[in-house]
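Chemist: The structure that follows is given in the form of structure tokens.
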Amino acid sequence: MLDEQDVTELLQLRGKDQEELFAQARAKRLEAFGSEVVVRGVTEITNQCRVNCEFCPMRRDNTRENSDFRLQSELLIDTAASVKASGINVVFFQAGEIPQTTRVVGEAIPGIRRLYDDNVEILLNLGNKRRSEYEYLREQGATSYILKFETSDPRMNEQMRHETLESRLKCLQDLLDLGYRVGTGSIVGLPGQDVASVARDLLFARDLGVHMCSVAPFIPAPNTPLANHPAGDVELALNAIAVSRLLGPEWLVPAVSALSKRAGEGQYRGLMAGANVITVNFTPDEQRDRYLIYGRDRFVVKRDYASRMIARTGLKPRGSVFLEPTTV
Ligand code: SF4
């Protein structure tokens, strides 16, 4: 079993050794998933947030300057219909952390399930909530939930998020207890982080017993305390993706859009490093520019781009792995 020293060394491989690491990760993916990449359709439902993460332009301190929006349940069902029309059966809702999303999403889920005759994965990323809220969303028909710990270093976590790591871990445990398929993940390139710390994040994720894990390079965003901090190293993030595949061969590991924003076709390289998920954006145009996840000029993945990129890797798109196998 890989330990911190092994992972730290793997993360630093470059050149030919790095290519070998990627090839090993692809072989593990092939064993676990065949030649398929899961395609998700995300809708961002609000840019309001009560948390004040140092790296995020939607942080609480920016609420007044940001032009805020919050989609209502009917619009969520409409966007899910567009996701379905694109042949995607993972309907993903993502939002800043505010209590109101529980009701808005909860009321939309049954209608979306009807739209799909129940052959749909409802994936949520709505932040920390009370256990009773997770329970309600599960009862409404949610399948899966992503809650990233960002960094497993408790002190760094509190400095970056102004919340305790413990509170996030309690939520992750609640989600696992309630039968969600759970995703987590970390950021590469935070201030004060070294390669060993990135290695510990990956091992920490392995020990959580989750089903999905992501790694994204840090992107400095304007109007945040970290606006002038250098961006995360894409090569390190790619190696972290490959190591994630070795640590959790059965994990869903996304090729996140932050890779493309940082390095041209970084998402393609993410897939070549062992990732097996691409997320297509379905947020209505009017709101999308206000969801400032990496600042205003973030890279938005459209259906055609995702299809082209998957085809280039020689892989095939597929639907949810948490339902009966279906091809998109
Ligand atoms: S990263 Fe998420 S929780 Fe943190 S401020 Fe941004 S939207 Fe809120």
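Taken together, the values in this text are just the output of simple stated rules run on the coordinates, not laboratory data. Just so you know, these numbers come straight off a predicted model, no measurement behind them. Glycine also receives a Cβ, built like all others from the backbone with ideal geometry; neighbour counts cover every protein chain displayed.
Chemist: Once the other residues with Cβ under 13 Å from the Cβ of Gly34 are scored (Lys, Arg +1; Asp, Glu -1), what is the net sum? Mind showing how you got there, number by number?
Modeler: Numbers: positive: Arg26, Lys28, Arg29, Lys316, Arg318; negative: Glu31, Glu36, Glu250.
In short, +2.
Chemist: For the range 70-116 and the range 164-229, compute the distance between their C-alpha centroids and round to whole Å.
Modeler: Using only Cα atoms to place each centre, the spacing works out to 25 Å.
Chemist: Eigenvalues of the Cα gyration tensor times 5, then square-rooted: what semi-axes does that give for the range 168-286, in whole angstrom, largest first?
Modeler: Ellipsoid semi-axes (Å, largest first): 22, 18, 17.
Chemist: Here is a follow-up. Skipping prolines and chain starts, which residues have an amide H placed within reach, meaning under 5 Å, of the one on Val280, given they are 5 or more residues away or on another chain?
Modeler: For Val280, whose amide H was placed from the backbone, the distant partners under 5 Å are Arg40, Gly41, Val42.
Chemist: Working from the pairwise distances between different alpha carbons, so that the mean of 1/r is found and then inverted, what is the range 1-132's Kirkwood radius in Å?
Modeler: 17.9
Chemist: What FRET efficiency, computed as 1/(1 + (r/R0)^6) with R0 = 22 Å and r the Cβ-Cβ distance, is obtained for Arg130 and Leu323, rounded to the nearest 0.05?
Modeler: Taking R0 as 22 Å, the efficiency between Arg130 and Leu323 is 0.20.
Chemist: Springs between alpha-carbon atoms under 10 Å, Gaussian network over the chain: tell me which of Arg130, Arg26, Arg64 tops the mean-square fluctuations.
Modeler: Taking springs between Cα atoms under 10 Å, the residue moving most is Arg64.
Chemist: Considering the chain as a Gaussian network with a 10 Å cut-off on Cα pairs, which listed residue, Glu54, Glu250, Glu20, attains the greatest mean-square fluctuation?
Modeler: Most flexible of the set in this elastic network: Glu20.
Chemist: Determine the calculated [θ] at 222 nm for the chain from helices alone, applying -39500 (n - 2.57) to every DSSP H run no shorter than 4 residues and normalising by the residue count; nearest 500 deg cm²/dmol.
Modeler: Value at 222 nm, helices only: -13000 deg cm²/dmol.
Chemist: State the cysteines of the chain left without a partner when partners are defined as other cysteines whose beta carbon lies under 4.7 Å away.
Modeler: Cys49, Cys171, Cys213
Chemist: Can you put Ile278, Ile241 in order, fewest other beta carbons within 10 Å first?
Modeler: Ile278, Ile241
Chemist: Which residue fluctuates most in the GNM of the chain (Cα springs below 10 Å): Ala85, Ala205, Ala25?
Modeler: Ala85
Chemist: Ok, one more. Provide the gained length on full extension for the span Glu20 to Asp194, in nm with one decimal, where the gain is 0.36 nm per separating residue minus the Cα-Cα distance.
Modeler: Full-extension gain reported as 60.3 nm.
Chemist: Ranked highest first by the average count of other Cβ atoms within 10 Å around their residues, in what order do 313-323, 118-128 fall?
Modeler: Output ranking for 313-323, 118-128: 118-128, 313-323.
Chemist: Moving to a separate point now. Which ordering of Ile77, Ile88, Ile219 is given by a fewest-first count of other beta-carbon atoms within 10 Å? Mind showing how you got there, number by number?
Modeler: Numbers: Ile77 18, Ile88 27, Ile219 22.
If I rank by nearby Cβ atoms, fewest first, I get Ile77, Ile219, Ile88.
Chemist: Pairs Lys129/Lys170; Lys84/Lys302; Lys28/Lys170; Lys148/Lys170: which exceed 20 Å Cα-Cα? Please report the intermediate quantities before stating the final value.
Modeler: Numbers: Lys129/Lys170 10 Å; Lys84/Lys302 14 Å; Lys28/Lys170 31 Å; Lys148/Lys170 12 Å.
Flagged as over cut-off: Lys28/Lys170.
Chemist: Largest first and in whole Å, give the semi-axes of the chain's equivalent ellipsoid, each being the square root of 5 times a Cα gyration tensor eigenvalue.
Modeler: Working: eigenvalues 149, 112, 74 Å².
Working from the Cα gyration tensor, I get semi-axes of 27, 24, 19 Å.
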